[in-house]
Amino acid sequence: MPAVSKGDGMRGLAVFISDIRNCKSKEAEVKRINKELANIRSKFKGDKALDGYSKKKYVCKLLFIFLLGHDIDFGHMEAVNLLSSNKYTEKQIGYLFISVLVNSTSELIRLINNGVKNDLTSRNPTFMCLALHCIANVGSREMGEAFAADIPRILVAGDSMDSVKQSAALCLLRLYKASPDLVPMGEWTARVVHLLNDQHMGVVTAAVSLITCLCKKNPDDFKTCVSLAVSRLSRIVSSASTDLQDYTYYFVPAPWLSVKLLRLLQCYAPPEDAAVKGRLVECLETVLNKAQEPPKSKKVQHSNAKNAVLFETISLIIHYDSEPNLLVRACNQLGQFLQHRETNLRYLALESMCTLASSEFSHEAVKTHIDTVINALKTERDVSVRQRAADLLYAMCDRSNAKQIVSEMLRYLETADYAIREEIVLKVAILAEKYAVDYSWYVDTILNLIRIAGDYVSEEVWYRVLQIVTNRDDVQGYAAKTVFEALQAPACHENMVKVGGYILGEFGNLIAGDPRSSPPVQFSLLHSKFHLCSVATRALLLSTYIKFINLFPETKATIQAVLRAGSQLRNADVELQQRAVEYLTLSSIASTDVLATVLEEMPPFPERESSILAKLKRKKGPGAAGTLDDGRREPGPGGDVNGGMEPAPSSGSTPSPSADLLGLRAAPAPTATPAPTGAGSLLVDVFSDSPTGGPPSLGPTPEEAFLSELEPPAPESPMALSADQAPAADTAAEDPGVPIPEADELLNKFVCKNNGVLFENALLQIGVKSEFRQNLGRMYLFYGNKTSVQFQNFCPTVSHPGDLQTQLVVQTKRVPGQVDGGAQVQQVLNIECLRDFLTPPLLTVRFRYGGAAQALTLKLPVTINKFFQPTEMAAQDFFQRWKQLSLPQQEAQKIFQANHPMDSEVTKAKLLGFGSALLDNVDPNPENYVGAGIVQTKALQVGCLLRLEPNAQAQMYRLTLRTSKESVSRHLCELLAEQF
Amino acid sequence: VFRAYLKIVYKRYASLYFCCAIEDQDNELITLEIIQRYVELLDKYFGSVCELDIIFNFEKAYFILDEFLLGGEVQETSKKNVLKKLKSLEET
């Protein structure tokens, strides 16, 4: 074939392109382009009508400029004009410009559609194809609306040319993928299936793609395609390499069509008709046989095409998962590829084998290749291949080879690429747990993990080992001994200290008999690590120390001295300080019995899905994890247990505001709670990500005592909950009444604070004291009778207007029906936030005073920000998240006049009271305030970022909120804007 | 290279890289051969194709691609048929 004839080239274009290529610098190029743009613009605007050739040339130049990365904002009209040209080359350039450049600009699309329509109905196959290509390349909804109905007609019309049919089929496919609702199903569908029988291989190739896509949505409508596809495939597979002429590719008959047919068959179950099935199995066997034949060509194209068909055949065999013989043959074939010199083949073989491993028929056959796979893990040069090898080892692991695989993976971990370390850690942790016969092996494995790759051991992994050790008493002594030994290492990872601290605190007594690990030795070993650790670990160690006081009374004096040290009691970190103070007091005033009850051994954890498994699934995405865990997942509650965002930081950042709650400490927690369960503070540390999964916790710190009563699953909670349901039911029937006019204003006072007087008039004063943590809260309402006369039929009720019923649960306790003159009654409300809400609940107070019925409705100061937990983050993280939340609906912004003096300290206090963390050194302007937090609800967590920019001169503020939820952004913005 | 749910299949010819982004379930090897066949088409059309042919006749490269692939699917795998069609088009 001759080279392109120079005659039809566009000289001006060639000159322009070589000019550009000759430019020495970027600036010169831009200059040349701007010159050309100006030239084209003047030509298009000029009075002289341009001939088709010039128009084509200029449009083509514009296209080239666009492809170089410059914006093109004119010339569309000229391109549309080219569509109506009768010259093929001009029309073609017009279409190309539109396909590449046009997005659905409203007025143009109508003109374009007009041109397309003309060509589509022109009965000129060349023009029809161009129009179809354009529709397929643009694929917009507008085009779909205009043409989706016409194309099926063209596709099945008896007189359409083959090439038109091909384009029509793929064009329809594109429209169907973009907007399936626009493509009408109808009698044409049956005729499309018969295109599989078409004489022309190109038509079949195009039609198979369309049918494969359509049958996924409507499998029944296209069922007949299975037998047609099988017979087509059979004809191709059994043909001699010359039969198909130009459809044979490097001696492989129609590889693309074969692959597509095999994919189509993967949409269906194995054929029921025995004859069809027999024929298909024969095909699959033929492909497998051919793989064993010597290659007909040394060219890589030959082997690639052949193997492409082979891999697709194996996929189909795996999909059917019903022919043991074929599965084993497929496995052996892949086994050969595992040692092939082509990296691509080794990679694909590892990948396919991963799915074969989950089939019961081929699992054993896959296992025979274990040594090759282990070798691949060690020697492959490409990290993605090593990763597939690790995946396959994970998939082929069972009880018989778990020890070998786990130890190989551990060995690999020492040299593994950083990118895949965390995943390997998770896999090892899961396998070790799943196939542990004796749990000492499991404990060894996990401790090894921490030793080798401590940085990559996520919280889930070490939480899990604690859960398992706590639940299995046969391994506790061993675990204590092993961590003790591991901690001897001069430098051990912080995660090891955490695990060690927890296990020794719980089970250190089991090894205390040995003088080499006597209590003082244990303590000094742990304490030698204390100063090198982060706050969270130190907090955990403090809990270990108080447990030691219980386990080993002889360490009491030493530990009390440590707690009493200024570095603890006056620690700058509020959590450490609080723990030190409380533990010290607890250890001094509580009797041995009380201490023993409070610090009793942890109860077993309820069985649930391993959080590690959930994490691996999250990491790999649903598809990958599905194949890895197929059918072997342990039963357990849904994966949402550990869903959500990162676990909330431990109780750390909520300073306890109310003085009388702190008073609880005088009478230590056990008296307040009938179900002593153990050292709850630690429990909260370890399981802070799953408030409902853990056992009821009881903490020596007041907050935790406070919250432990709120834990929903605690059955013996001191409040008789059943009695509380009654008033809630009443309220539904009663009309809550309209809130008093100043209710909103009163509510606003409480957005940034939790305690104070909510309402006061001549008769009644209502005080509020409340505390919130995560998605739970408790509120005390104090009703004071300011008169000297008794209130009768006193009945405060809480109601949930509108949707609030499903968003917030408020349980109230009954109060006495009479309130004496000058007396005060207290009502406790337990609040649980189920999901984000906009309107606060209403409090209606009814009573009779001197014979007259009084009613009063207020808004209860429960707003969404009460469930806001502060989050500290570095500037970089903040900006990264800020950018992630850049959709317009995620942002809410308000610019408003300051209503209060602009005092920076007051503003800060308000922002903190609002619930957000204040982040310093984030905003380049130090005048601005930047905050972050998470709204905690039962159903979801919403991360929030906020920025407040004061303008002292104008006495204005600009407030910007970004959250992942539109309504939350808006609502928080409104609430907060009222405060300044 | 793996990015989200797409795989990239690429092939290098001298200094030119040809890349395809395909979905998770797609067949990698056959995609490699799609690239090969496209290059063969360019080669036949231009007569031993080089980078300059593609730059100076970028619109032709598009037209050839349109005949071979459409909407992301293979339309016509026969080299002869594609070239025959291109030739007939140019004559109109």
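Select, from A:Leu972, A:Leu961, the only residue that is under 27 Å from A:Asp903 (Cβ atoms) and assigned to a strand (DSSP E or B).
A:Leu961
Quick check on segment A:503-547: of everything there that is in a helix (DSSP H, G or I) and among the polar types (S, T, N, Q), which residue is farthest from A:Leu599 (Cα to Cα)?
Top of the filtered list is A:Ser528.
Among the helices (runs of 4 or more DSSP H) contained in segment A:1-95, which hold 1 or more residues that are more than 14 Å from chain B (Cβ to nearest Cβ), surrounded by 10 or more Cβ atoms within 10 Å (Cβ to Cβ) and free of Cβ contacts under 8 Å to residues at least 60 places away in the same chain?
A:26-45, A:52-67, A:76-83
For A:Leu510, indicate whether it is closer than 23 Å to A:Glu600 by Cβ and surrounded by fewer than 20 Cβ atoms within 10 Å (Cβ to Cβ).
Answer is yes for this residue.
Does B:Leu41 satisfy the criteria of being within 28 Å of A:Leu261 (Cβ to Cβ), more than 9 Å from every other protein chain (Cβ to nearest Cβ) and in contact (Cβ under 8 Å) with a residue 40 or more places away in the chain?
yes
Could you please let me know if A:Ala136 is touching a strand residue (DSSP E or B) at 6+ places or on another chain (Cβ under 7 Å) and either at pLDDT 90 or above or at the interface with chain B (Cβ under 10 Å from one of its Cβ atoms) (or both)?
yes
For A:Ala274, only one of the following conditions fails: (1) more than 24 Å from A:Leu170 (Cα to Cα); (2) touching a Pro at 6+ places or on another chain (Cβ under 9 Å); (3) without any contact (Cβ under 8 Å) to a residue 40 or more places away in the chain; (4) not β-branched (Val, Ile, Thr). What is its number?
It fails just one condition, (2).
Scan segment B:60-92 for residues that are closer than 22 Å to A:Ile211 by Cα and touching a residue at least 12 places away in the same chain (Cβ under 8 Å) and report the count.
Of the residues in that region, 5 qualify.
Considering (1) among the hydrophobic types (A, V, I, L, M, F, W, C); (2) surrounded by 14 or more Cβ atoms within 10 Å (Cβ to Cβ); (3) over 13 Å from A:Leu976 (Cα atoms), say which one A:Phe914 fails and leave the rest.
Condition (3) is where A:Phe914 drops out.
Please work out if A:Thr379 is among the β-branched types (Val, Ile, Thr) and within 21 Å of A:Ala291 (Cα to Cα).
The answer is no for A:Thr379.
Give segment A:879-912 a look and list any residue that's of a type in the set (Gly, Ala, Ser) and closer than 21 Å to A:Thr963 by Cβ, or say none.
Correct list: A:Ser886, A:Ala892.
Examine segment A:104-113 for a residue that is within 23 Å of A:His76 (Cα to Cα), surrounded by fewer than 19 Cβ atoms within 10 Å (Cβ to Cβ) and small (Gly, Ala, Ser), and state whether such a residue exists.
Within segment A:104-113 (the criterion being within 23 Å of A:His76 (Cα to Cα), surrounded by fewer than 19 Cβ atoms within 10 Å (Cβ to Cβ) and small (Gly, Ala, Ser)), the answer is yes, since at least one residue qualifies.
Listed residues A:Glu949, A:Glu978; which is within 24 Å of A:Leu747 (Cβ to Cβ), surrounded by 15 or more Cβ atoms within 10 Å (Cβ to Cβ), acidic (Asp, Glu) and more than 20 Å from the chain's Cα centre (by Cα)?
A:Glu978
So which of B:Ile35, B:Ile8, B:Ile22 is more than 9 Å from chain A (Cβ to nearest Cβ), closer than 30 Å to A:Asp198 by Cα and either aromatic (Phe, Trp, Tyr) or not in a helix (DSSP H, G or I) (or both)?
B:Ile22
Restricting to segment A:261-275, what's the tally of residues that are over 16 Å from A:Ile314 (Cβ atoms) and either facing chain B (nearest Cβ under 9 Å) or aromatic (Phe, Trp, Tyr) (or both)?
1
Which one is farthest from A:Tyr95 (Cα to Cα), of the residues in segment B:44-62 that are more than 10 Å from chain A (Cβ to nearest Cβ) and in a helix (DSSP H, G or I)?
B:Glu51
I'm trying to understand the selection: among the residues of segment B:65-83, which are under 10 Å from the mean Cα position of the chain (by Cα), more than 7 Å from chain A (Cβ to nearest Cβ) and under 14 Å from A:Ser163 (Cα atoms)?
B:Glu67, B:Phe68, B:Leu69
Looking at segment A:873-899 only, could you name the residues that are of a type in the set (A, V, I, L, M, F, W, C) and closer than 13 Å to A:Leu959 by Cβ?
Those that are of a type in the set (A, V, I, L, M, F, W, C) and closer than 13 Å to A:Leu959 by Cβ: A:Ala892, A:Ile895, A:Phe896, A:Ala898.
Considering only residues that are among the β-branched types (Val, Ile, Thr) and within 14 Å of another protein chain (Cβ to nearest Cβ), which ones fall in segment A:286-308?
Within segment A:286-308, A:Val287, A:Val300 qualify.
Condition check ((1) under 21 Å from A:Leu377 (Cβ atoms); (2) away from chain B (no Cβ under 14 Å); (3) of a type outside the set (Gly, Ala, Ser)) across all residues:
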{"position": "A:Leu310", "(1), (2), (3)": "no, no, yes"}
{"position": "A:Ile314", "(1), (2), (3)": "no, no, yes"}
{"position": "A:Tyr320", "(1), (2), (3)": "no, yes, yes"}
{"position": "A:Glu323", "(1), (2), (3)": "no, yes, yes"}
{"position": "A:Arg329", "(1), (2), (3)": "no, yes, yes"}
{"position": "A:Arg346", "(1), (2), (3)": "yes, no, yes"}
{"position": "A:Glu351", "(1), (2), (3)": "yes, no, yes"}
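Which is in contact (Cβ under 8 Å) with a residue 12 or more places away in the chain, part of a helix (DSSP H, G or I) and surrounded by fewer than 17 Cβ atoms within 10 Å (Cβ to Cβ), of A:Ala909, A:Ala855?
Criteria check complete, one pass: A:Ala909.
Do we find a residue being out of contact with any His (no Cβ under 8 Å at 6 or more places or on another chain) and either outside any helix (DSSP H, G or I) or within 14 Å of another protein chain (Cβ to nearest Cβ) (or both) anywhere in segment A:276-285?
The answer is no, given that none of the residues of segment A:276-285 is out of contact with any His (no Cβ under 8 Å at 6 or more places or on another chain) and either outside any helix (DSSP H, G or I) or within 14 Å of another protein chain (Cβ to nearest Cβ) (or both).
Give me a count of the residues in segment A:521-535 that are more than 38 Å from the chain's Cα centre (by Cα) and surrounded by 14 or more Cβ atoms within 10 Å (Cβ to Cβ).
5
Which residue is surrounded by the fewest Cβ atoms within 10 Å (Cβ to Cβ), if the candidates are limited to segment A:377-392 and must be over 21 Å from A:Ser315 (Cβ atoms) and not basic (Lys, Arg)?
The selected residue is A:Thr379.
Which of the following residues is surrounded by 18 or more Cβ atoms within 10 Å (Cβ to Cβ) and in contact (Cβ under 8 Å) with a residue 60 or more places away in the chain: A:Ser352, A:Ser358?
Of the residues listed, the single one that is surrounded by 18 or more Cβ atoms within 10 Å (Cβ to Cβ) and in contact (Cβ under 8 Å) with a residue 60 or more places away in the chain is A:Ser358.
Could you tell me which numbered condition A:Val203 fails, if it satisfies all but one of (1) within 14 Å of chain B (Cβ to nearest Cβ); (2) within 41 Å of the chain's Cα centre (by Cα)?
Only one criterion is unmet by A:Val203, namely (2).
Looking only at residues that are within 16 Å of A:Trp882 (Cβ to Cβ) and touching a Ser or Thr at 6+ places or on another chain (Cβ under 9 Å) in segment A:961-975, which one is surrounded by the fewest Cβ atoms within 10 Å (Cβ to Cβ)?
Among them, the one singled out is A:Cys973.
The values are calculated or read from the model by the stated rules, or taken from the named source; none is laboratory data. Here the structure is a predicted model, which is why all the values come from computation and not from measurement. All Cβ positions, glycine included, derive from the backbone under ideal geometry; neighbour counts span all protein chains shown.
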